[in-house]
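Contents: one structure, followed by commentary.
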Amino acid sequence: MRCGAAPLGPPQKDVPGDGGTRGRGSGAAPLTPLPAPVLQVMLLGDSGVGKTCFLLQFKDGAFLSGTFIATVGIDFRNKVVAVDGVKVKLQIWDTAGQERFRSVTHAYYRDAQALLLLYDITSKMSFDNIRAWLTEIHEYAQKDVVIMLLGNKADVSSERMVRTEDGASLAREYGVPFMETSAKTGMNVELAFLAIARELKQRAVQLPDEPRFQIHDYIEAQQKRSGCCAFI
Ligand SMILES: Nc1nc2c(ncn2[C@@H]2O[C@H](COP(=O)(O)OP(=O)(O)OP(=O)(O)O)[C@@H](O)[C@H]2O)c(=O)[nH]1
Ligand SMILES: [Mg+2]
């Protein structure tokens with residue numbers, strides 16, 4: 001699986017729960033754990049902003065710079081993460097950013113519980129297109145979908161065309177969390193997915209007296225802890 005090069009390839013078959021016996025009679029086989037709940041996350045943004053690389057970095061901790069081959073249609077990868085000791089499976093849909101695939105990817109918006117909307121900090125056009133992406137999201141996605149705005153390729157600050165504060169102020173205008181990331185160095189990649197996983201898990205199992213999870217506060221606290229720039 002190479003980001004920026006060959007497409008992700010056919011999704012790996014999930015390794016289902018072992019589905020073995022479940023506590024039949026004495027001396028029964030141990031209870032098998034319930035399969036982790038599946039949370040649907042989708043990567044969106046112009047072609048070339050780094051969606052496939054972002055997914056590869058999260059999935060395998062790898063970044064293979066090479067010639068850029070655009071994703072065709074849509075693909076997905078699964079990754080199980082633990083949120084407060086609870087395992088959740090993130091099913092992450094990597095969409096093609098090219099216009100010609102838009103009708104294909106629109107069909108998947110409805111299933112997404114969270115959307116990571118990327119632009120490339122070295123491409124003013126990819127940032128200017130964010131408003132159009134948000135309009136498409138409001139048209140095709142669920143009303144309560146979680147959206148996070150990400151300014152990717154933050155490692156290439158020498159070619160920066162979009163100021164961090166411009167990303168932050170656009171995010172504030174739409175009331176969505178924001179971070180700058182790098183699929184190359186891994187900066188904020190895992191944090192983006194873990195913040196989304198927490199938000200979705202919290203929504204799924206909100207206990208009556210449990211305080212509401214605040215994704216903005218969580219990101220800020222994690223970034224302070226890691227000493228990384230905090231723009232949310
Ligand atoms: N320096 C740097 N390069 C990156 C980063 N992310 C992606 N790239 C490069 O940008 C190019 C495009 O990356 P992809 O991940 O394939 O882009 P994409 O958004 O999936 O593009 P589509 O599949 O066409 O939608 C590749 O050449 C990558 O090597 C990053 O964070 N930093
Ligand atoms: Mg791609």
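Where a number appears in this text, it was derived from the coordinates with a stated rule and is not lab data. Here the structure is a predicted model, which means the values were calculated and not measured. No Cβ is skipped: glycine too gets one built from the backbone with ideal geometry, and neighbour counts run over all protein chains shown.
Compared with the alpha-carbon gap, the fully stretched path from D128 to R172 is longer by 14.3 nm at 0.36 nm per residue.
With the simple spin-label model, which puts each label point 7 Å out from Cα in the Cβ direction, the Q142 to E165 separation comes to 3.7 nm. Taking each residue as 0.36 nm, the span from F68 to T135 lengthens on full extension beyond its C-alpha to C-alpha distance by 21.4 nm. For the range 94-232, the normalised intensity computed at q = 0.12 Å⁻¹ comes to -0.49 (log10 of I(q)/I(0), Debye sum over alpha carbons, equal scatterers, no solvent).
Using a cut-off of 18 Å between Cα atoms, the listed pairs K51/K153; K201/K224; K59/K87; K124/K184 include K201/K224; K124/K184 as exceeding that distance.
Computed from the C-beta positions of L34 and S226 and an R0 of 30 Å, the FRET efficiency is 0.40 to the nearest 0.05.
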